[in-house]
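Chemist: Sharing a structure with you now.
The values are calculated or read from the model by the stated rules, or taken from the named source; none is laboratory data. Remember, it's a predicted structure, so these values are computed and weren't measured experimentally. No Cβ is skipped: glycine too gets one built from the backbone with ideal geometry, and neighbour counts run over all protein chains shown.
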C-alpha cells in the first residue's frame, strides 16, 4: 500500500457510498442495509488485514473481538433500556444507548482482550498461532453460550437502535453514513500507520524477522501492537453490527465468523487497504443473489476462493490492478 | 585504542552440534578487522553469536566494555552493532526509501550522507528492493546498516556473488568508510581486497581462532595453510 495506490482504495470506498446513496434515492432500503453490512464487514476485514496482511499474523480468532464489541453494545443498551446498572463493584456503571459512549467501551474491551490473547498467542508461530487464536475465540464463544444473564445460546436483543448525535439512526442511509464514516476514518488511520516507521517495520518483520532484529527492533512488540489495534477495529465493527441487527448472539464469536472475516480479506486482497471491502461486497452480493436460489451458494463462494488463492494471490484488487500496488 | 568488541574463548552450538570451540577476537575502536577462514569454519556463526542470534555456551562477549552475552538480540543491536548479513539482503516488498527508513536511528549518518556514499540509491528511492540489481541491493543493505548509526559495522560476505565492477564499487565504499574512521568487522573471500583495507586479521579454523595479528604480518605460508590461497 502506497499513497500512489490511494486511488483504487478511494474508488472502492466511493463506489460503496454511491451504491448506498443511489439505492436510497431509488427507494431500495434493503440494498442500503446490504451496503451497511459491507461497510461493517469491510471494517472488520480492514482490522484483520492489519494483523494478517501487514503483520503476517494469521489470526483465526478475530470473531472474539468482533463478538466482544457486539456484546458490549448489547449489554450496555439492554441495561440502559431496563435502567439497571451493568456493575456495582468497584463503582456503579449504568448502561447507555449513546453510540459515542458505547464505542470507547467496545474499543477498550476488545483491545484488552486482544492484548491478553495476543501476548499469549504471539509466543507461537505458524499453525500453532492459528490454533491458539482459534482456541481463545472458541473459549469466549462457549462462555457466551453458557452465560444465561445475557441470553446464552439464544442471544440478546435490544429493541431500539442506539443513538448518535444529530442522526436519525432509523433512516437506513443515516446509519450507513455512520458505518461508512467509521470505515473511512479507520482506512485513513491504517494507511498512515502502514506508512509510518512502525508499519514499515511490521511489514519488514513479516518478510525477514532476523534482519529486523539485527536493526534493533523487537518484532514481538510490533506484532502485539498491530494485533491489539487489529482487535480494536474488529471490536468497533462488532459494535456497529450489533446496532445494525439490534441483536447479538454467540454466533458473532464463533469460528465461522472468524473464517468469514478471513474470507473477506483473502478474497479482496491480503495487505490491500480496501481489499476487505471488495471481499465483503462480493460475499454479500453472492449471498443476496444466490442465497434465494440455493442454500448451497457457499459452495460457489468456496470455488471462487480456491480460484483466487490459486491464480490471483493478490485477491480481487490485485487482479484489477495487476502489477500495481493498491 | 580501547577494545570495542571482545570475544574470549567463545563457544556456541546449533542445538546438539557444537560449532564454535573457542573464538578469541578483539577489535579496537576505529579499526578494520578481517575475520577469515575457509568455508564452514565458523565465521558466520561467530557473527551470529556476536549479534546474539545464537546463544553463547561459554566464554565472554563484550561490546563497548559491556557484557552482552545475555542480551536479547534487538538490545545488542541497539547498543550499536550494525550487521550487513550474507544472503538476500533487503526487505524485498519495501521501496528503497522505506528500507532506509525502517531501521534509521538518529546520529551522524543521515539519508543525505548515505546518498553521498551510494549516489545510485538516490535514483532508485521509489523502487521496491526486489527490482534492484544484486549490487544495488548490497549497497542498500550497507546503507540500511549505516543508518542505524552503529558503533561497529559488520559486513558478512558483502561482495559475494556480485559482478567484478560492482565488487570494486562496494570495496571503494568500504575504503571510504574506513577513511571516515568507522570500526568494521569484515568477512570476505578476497584476500587481496582484505589486505588493502584491514588493519588486523583473525583466522578461524574448525570453530577456533588459530591466527591473530596485524594484516601486514599475514605471510603467504599462513594464508596458504589456513585459507588455501
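Chemist: Checking the condition buried (at least 21 other Cβ atoms within 10 Å of the Cβ), more than 14 Å from chain A (Cβ to nearest Cβ) and in contact with a strand residue (DSSP E or B) (Cβ under 6 Å, 6 or more places away or on another chain), which residue from B:27, B:132 passes?
Modeler: The conditions single out B:27.
Chemist: Can you name every residue in the range B:27-40 that is assigned to a strand (DSSP E or B) and farther than 19 Å from residue B:156 by Cβ?
Modeler: B:28
Chemist: For the range B:48-73, enumerate the residues that are within 14 Å of chain A (Cβ to nearest Cβ) and either crowded, with 19+ Cβ neighbours inside 10 Å or in contact with a strand residue (DSSP E or B) (Cβ under 6 Å, 6 or more places away or on another chain) (or both).
Modeler: Correct list: B:48, B:49, B:50, B:51, B:52, B:54, B:63, B:68, B:73.
Chemist: Name the residue, out of A:251, A:237, that is away from every other protein chain (no Cβ under 14 Å), surrounded by fewer than 24 Cβ atoms within 10 Å (Cβ to Cβ) and in contact with a helix residue (DSSP H, G or I) (Cβ under 8 Å, 6 or more places away or on another chain).
Modeler: A:251
Chemist: Filter the range B:41-57 for residues that are outside any helix (DSSP H, G or I) and either within 18 Å of residue B:210 (Cα to Cα) or in contact with a helix residue (DSSP H, G or I) (Cβ under 9 Å, 6 or more places away or on another chain) (or both) and give the result.
Modeler: Correct list: B:41, B:42, B:51, B:52, B:53, B:54, B:55, B:56.
Chemist: For residue A:147, which of the numbered conditions (1) modelled with pLDDT under 90; (2) surrounded by fewer than 16 Cβ atoms within 10 Å (Cβ to Cβ) fails to hold?
Modeler: Among (1) modelled with pLDDT under 90; (2) surrounded by fewer than 16 Cβ atoms within 10 Å (Cβ to Cβ), the lone unmet condition for residue A:147 is (1).
Chemist: Report whether or not residue B:33 is more than 14 Å from chain A (Cβ to nearest Cβ) and in contact with a strand residue (DSSP E or B) (Cβ under 8 Å, 6 or more places away or on another chain).
Modeler: The answer is yes for residue B:33.
Chemist: To continue, here is another question. So, residue B:228, is that one over 21 Å from residue B:118 (Cα atoms) and out of contact with any strand residue (DSSP E or B) (no Cβ under 6 Å at 6 or more places or on another chain) or not?
Modeler: yes
Chemist: Quickly run through the range B:75-84 and pick out the residues that are crowded, with 19+ Cβ neighbours inside 10 Å and either over 16 Å from the mean Cα position of the chain (by Cα) or more than 7 Å from chain A (Cβ to nearest Cβ) (or both).
Modeler: B:76, B:80, B:81, B:82, B:84
Chemist: Can you say whether residue A:45 is buried (at least 24 other Cβ atoms within 10 Å of the Cβ) and either in contact with a helix residue (DSSP H, G or I) (Cβ under 7 Å, 6 or more places away or on another chain) or at pLDDT below 95 (or both), as far as the supplied structure shows?
Modeler: When the stated conditions are applied, residue A:45 passes them.
Chemist: Just one of (1) without any contact (Cβ under 8 Å) to a residue 40 or more places away in the chain; (2) outside any helix (DSSP H, G or I); (3) over 23 Å from the mean Cα position of the chain (by Cα) trips up residue A:159, so point out which.
Modeler: (1)
Chemist: So which residues in the range B:85-104 are assigned to a helix (DSSP H, G or I) and either out of contact with any helix residue (DSSP H, G or I) (no Cβ under 7 Å at 6 or more places or on another chain) or within 7 Å of chain A (Cβ to nearest Cβ) (or both)?
Modeler: B:97, B:98, B:101, B:102, B:103, listed by residue number.
Chemist: Follow-up question, since we're still on this one. Condition test on residue A:269, is it touching a helix residue (DSSP H, G or I) at 6+ places or on another chain (Cβ under 7 Å) and surrounded by 24 or more Cβ atoms within 10 Å (Cβ to Cβ)?
Modeler: yes
Chemist: Another one. Looking at the range A:88-106, is at least one residue touching a strand residue (DSSP E or B) at 6+ places or on another chain (Cβ under 6 Å), at pLDDT 95 or above, farther than 24 Å from residue A:281 by Cα and crowded, with 23+ Cβ neighbours inside 10 Å?
Modeler: Within the range A:88-106, not a single residue is touching a strand residue (DSSP E or B) at 6+ places or on another chain (Cβ under 6 Å), at pLDDT 95 or above, farther than 24 Å from residue A:281 by Cα and crowded, with 23+ Cβ neighbours inside 10 Å.
Chemist: Right, next: Return the residues of the range B:65-83 that are farther than 11 Å from residue A:215 by Cβ and touching a helix residue (DSSP H, G or I) at 6+ places or on another chain (Cβ under 6 Å); say none if nothing qualifies.
Modeler: Selection gives B:68 alone.
Chemist: Going by the conditions given, is residue B:124 away from every other protein chain (no Cβ under 14 Å), in contact with a helix residue (DSSP H, G or I) (Cβ under 8 Å, 6 or more places away or on another chain) and without any contact (Cβ under 8 Å) to a residue 40 or more places away in the chain?
Modeler: Here the answer is yes, as residue B:124 does meet what is asked.
Chemist: Please determine, by comparing only the residues of the range A:161-218 that are in contact with a strand residue (DSSP E or B) (Cβ under 7 Å, 6 or more places away or on another chain) and more than 10 Å from every other protein chain (Cβ to nearest Cβ), which one is surrounded by the most Cβ atoms within 10 Å (Cβ to Cβ).
Modeler: Going through the qualifying residues, I end up with A:162.
Chemist: Against the definition (more than 12 Å from chain A (Cβ to nearest Cβ), over 21 Å from residue B:47 (Cβ atoms) and in contact (Cβ under 8 Å) with a residue 40 or more places away in the chain), how does residue B:155 come out, yes or no?
Modeler: Spelling it out, it is not the case that residue B:155 is more than 12 Å from chain A (Cβ to nearest Cβ), over 21 Å from residue B:47 (Cβ atoms) and in contact (Cβ under 8 Å) with a residue 40 or more places away in the chain.
Chemist: A further question on this structure: Looking at A:75, A:40, A:31, can you tell me which residue is at pLDDT 95 or above, buried (at least 24 other Cβ atoms within 10 Å of the Cβ) and in contact with a helix residue (DSSP H, G or I) (Cβ under 8 Å, 6 or more places away or on another chain)?
Modeler: One residue alone meets the criteria, A:40.
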